[in-house]
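Take a look at the structure set out below.
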Amino acid sequence: MRAILTTALLTLTTAFSATAVAQETEVTLIHAGKLIDTDAGRVLTDRYIRIEGDRITQVGSKAQMGDIDAADTFIDLSDMTVLPGLSDAHVHLTSDANAHGYKRLTRSTPRAAITGVRNAQRTLMAGFTTIRNLGAPGFADIDLMNAIDDGDVIGPRMVPAGRSIGITGGHCDNNLLPYETRQTAGGVADGPWAVRAKVRENKKFGAKVIKFCGTGGVLSKGTKVGAQQFSFEEMKAIVDEAHQLGLKVAVHAHGEDGINTAIRAGVDSVEHASFISDDGIRAAKRAGAYLSMDIYVSDFILSEGEAAGILAESLDKERVVGKKQRERFQAAVKAGVKMAFGTDAGVYPHGQNGRQFAYMVQWGLSPMQAIQAATINNARLFGEDANIGSIQAGKFADIIAVDGDVMDDIKALEDVDFIMKGGKVYKR
């Protein structure tokens, strides 16, 4: 009897193993009419993409592909432009664009997490298969990442920051309530050792990147948008601790002094960079730091922000920041600084991320450069270029497609027609 049971168990185990292998090696073949090669910055025609499981295994012409009839699934995109999945370097999935200012005080952390589930799906369905989430209450973004990875909810790949680090009373603090409430944001710290502790705490709870506020901000009450926050010693402590732990660092910085100090401290990306000087542009280029400049969001803030609860003082600040930021973006592009694609989604409604492409082209990038910013550039900034950012063998099968030619009309990326993430089709 024992021998019979053992044989039966081995048979079942072998069957389950064979089933698992079969599932992992299911082959999908995509025929791309035009394929954007983001590594080389060129457009290829009439190419085939072989996918096994969640990875790309081969890209080439029909003659190079061998037996194309051997695929389990064939997807005909021969009349479309095919690109790698897009990425956004600066979003807040747990934020609601309709709840700014004092309205935000009504949103609990559990409610923010629920909002994140909705926004994650909207973001993926806009063609953004990877995002960097730069700040969320109570580490809700890390739980959201885990839920997506576990298949509980639908959303993009996430690089979460956890809680943003900031000074007392600064842009990353809660300045809306009176003294008696004793309200302080979870990432607030003052002094080099205190900020190191916050980096360690973020890492402990699952952060994949560190974000700190190096200047005041547009949407924070009582902060001067260009004023530096944190000393050089504090910024250096944040960066050194993060890099020692294997994490990259993004700094929120609008003003010239804060930008220059953060670059000197060794940050990997500067978010917003609205008033970056020519010296700052040169410093960023020398350091290899990326600029992530959200040059679309100003239109939403000034047209719809008041109804969403954005404070009058914030609207006044944005009237100064918006045009200046676009002018400095243009100067940075001309200087050849590395440009990321970051939109600050959450300030405006999620799912509209693609609207920034047209602004980037208007203010100096070619269509190909704008696409590269949202693909291979971001992949390198995230440290994920071995997995995402281009359609190459070995990378995740994160693939999108649009009708028309994006080189002629970059706005085609505002309405993505086909979306695949990890070999699974979400929109067709």
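The values are calculated or read from the model by the stated rules, or taken from the named source; none is laboratory data. Predicted, not measured: the structure shown is a model, and the values here were computed from it. Cβ placement follows ideal geometry from the backbone for every residue including glycine, while neighbour counts extend to all protein chains displayed.
Evaluate the following for residue 36: is it in a strand (DSSP E or B) and more than 22 Å from residue 354 (Cα to Cα)?
Taking the combined requirement at face value, the residue does not satisfy it.
Taking the criterion of being in a loop (DSSP other than H, G, I, E, B) and without any contact (Cβ under 8 Å) to a residue 60 or more places away in the chain, would at least one residue in the range 233-243 satisfy it?
no
Could you list, in sequence order, the residues of the range 152-169 that are of a type outside the set (Val, Ile, Thr), over 13 Å from residue 117 (Cα atoms) and without any contact (Cβ under 8 Å) to a residue 60 or more places away in the chain?
Once the filter is applied, which keeps residues that are of a type outside the set (Val, Ile, Thr), over 13 Å from residue 117 (Cα atoms) and without any contact (Cβ under 8 Å) to a residue 60 or more places away in the chain, the range 152-169 yields 160, 162, 163, 169.
Residues 312, 345, 307, 331: which one is of a type in the set (A, V, I, L, M) and either crowded, with 24+ Cβ neighbours inside 10 Å or outside the structural domain of residue 220 (by TED's automatic domain parsing) (or both)?
345
Given (1) more than 17 Å from the chain's Cα centre (by Cα); (2) at pLDDT 95 or above, identify the lone condition not met by residue 98.
(2)
Return yes when residue 402 is in the same structural domain as residue 80 (by TED's automatic domain parsing), more than 20 Å from the chain's Cα centre (by Cα) and either crowded, with 19+ Cβ neighbours inside 10 Å or among the aromatic types (Phe, Trp, Tyr) (or both) and no when it is not.
It is true that residue 402 is in the same structural domain as residue 80 (by TED's automatic domain parsing), more than 20 Å from the chain's Cα centre (by Cα) and either crowded, with 19+ Cβ neighbours inside 10 Å or among the aromatic types (Phe, Trp, Tyr) (or both).
Among what's in the range 136-155 and is surrounded by fewer than 22 Cβ atoms within 10 Å (Cβ to Cβ), of a type in the set (D, E, K, R) and within 17 Å of the chain's Cα centre (by Cα), pick the residue that is nearest to residue 185 (Cα to Cα).
Going through the qualifying residues, I end up with 143.
Has the range 413-425 got at least one residue that is of a type in the set (Asp, Glu), within 30 Å of residue 112 (Cβ to Cβ) and not assigned by TED's automatic domain parsing to the domain that holds residue 252?
yes
Among the candidates 35, 29, single out the residue that is touching a residue at least 40 places away in the same chain (Cβ under 8 Å), more than 30 Å from residue 365 (Cβ to Cβ) and surrounded by 16 or more Cβ atoms within 10 Å (Cβ to Cβ).
Of 35, 29, the one residue that is touching a residue at least 40 places away in the same chain (Cβ under 8 Å), more than 30 Å from residue 365 (Cβ to Cβ) and surrounded by 16 or more Cβ atoms within 10 Å (Cβ to Cβ) is 29.
Going through the range 258-298 one residue at a time, which ones are in a helix (DSSP H, G or I), free of Cβ contacts under 8 Å to residues at least 24 places away in the same chain and over 19 Å from residue 231 (Cβ atoms)?
279, 286
Limited to the range 392-420, what total is found for residues that are farther than 16 Å from residue 352 by Cβ and out of contact with any Gly (no Cβ under 6 Å at 6 or more places or on another chain)?
16
Within the bounds of the range 376-387, is there any residue that is in contact (Cβ under 8 Å) with a residue 12 or more places away in the chain and part of a loop (DSSP other than H, G, I, E, B)?
Among the residues of the range 376-387, at least one is in contact (Cβ under 8 Å) with a residue 12 or more places away in the chain and part of a loop (DSSP other than H, G, I, E, B), which makes the answer yes.
I'm told residue 87 meets every condition in (1) farther than 24 Å from residue 378 by Cβ; (2) surrounded by 18 or more Cβ atoms within 10 Å (Cβ to Cβ); (3) in contact with an Asp or Glu (Cβ under 9 Å, 6 or more places away or on another chain) except one. Can you identify the failing condition by its number?
All conditions are met except number (1).
Just give me the residues in the range 288-302 being over 20 Å from residue 92 (Cα atoms) and surrounded by fewer than 24 Cβ atoms within 10 Å (Cβ to Cβ), in sequence order.
Result: 288, single match.
Cβ-Cβ distance below 8 Å, separation of 6 or more or different chains: which pairs start in the range 181-197 with a residue that is in the same structural domain as residue 249 (by TED's automatic domain parsing) and end on one that is among the polar types (S, T, N, Q) and modelled with pLDDT of 95 or more?
184/168; 185/164; 187/164; 187/202; 188/168; 190/168
Here is a check on your reading of the model: is residue 368 crowded, with 24+ Cβ neighbours inside 10 Å, modelled with pLDDT of 95 or more and hydrophobic (A, V, I, L, M, F, W, C)?
When the stated conditions are applied, residue 368 does not pass them.
Residues checked against (1) closer than 23 Å to residue 342 by Cβ; (2) among the hydrophobic types (A, V, I, L, M, F, W, C); (3) not assigned by TED's automatic domain parsing to the domain that holds residue 257:
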{"position": "203", "(1), (2), (3)": "yes, no, no"}
{"position": "206", "(1), (2), (3)": "yes, no, no"}
{"position": "211", "(1), (2), (3)": "yes, no, no"}
{"position": "222", "(1), (2), (3)": "no, no, no"}
{"position": "227", "(1), (2), (3)": "yes, yes, no"}
{"position": "237", "(1), (2), (3)": "no, yes, no"}
{"position": "240", "(1), (2), (3)": "no, no, no"}
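Scan the range 219-233 for residues that are at pLDDT 95 or above and either in contact with a Lys or Arg (Cβ under 7 Å, 6 or more places away or on another chain) or surrounded by fewer than 24 Cβ atoms within 10 Å (Cβ to Cβ) (or both) and report the count.
Of the residues in the range 219-233, 5 are at pLDDT 95 or above and either in contact with a Lys or Arg (Cβ under 7 Å, 6 or more places away or on another chain) or surrounded by fewer than 24 Cβ atoms within 10 Å (Cβ to Cβ) (or both).
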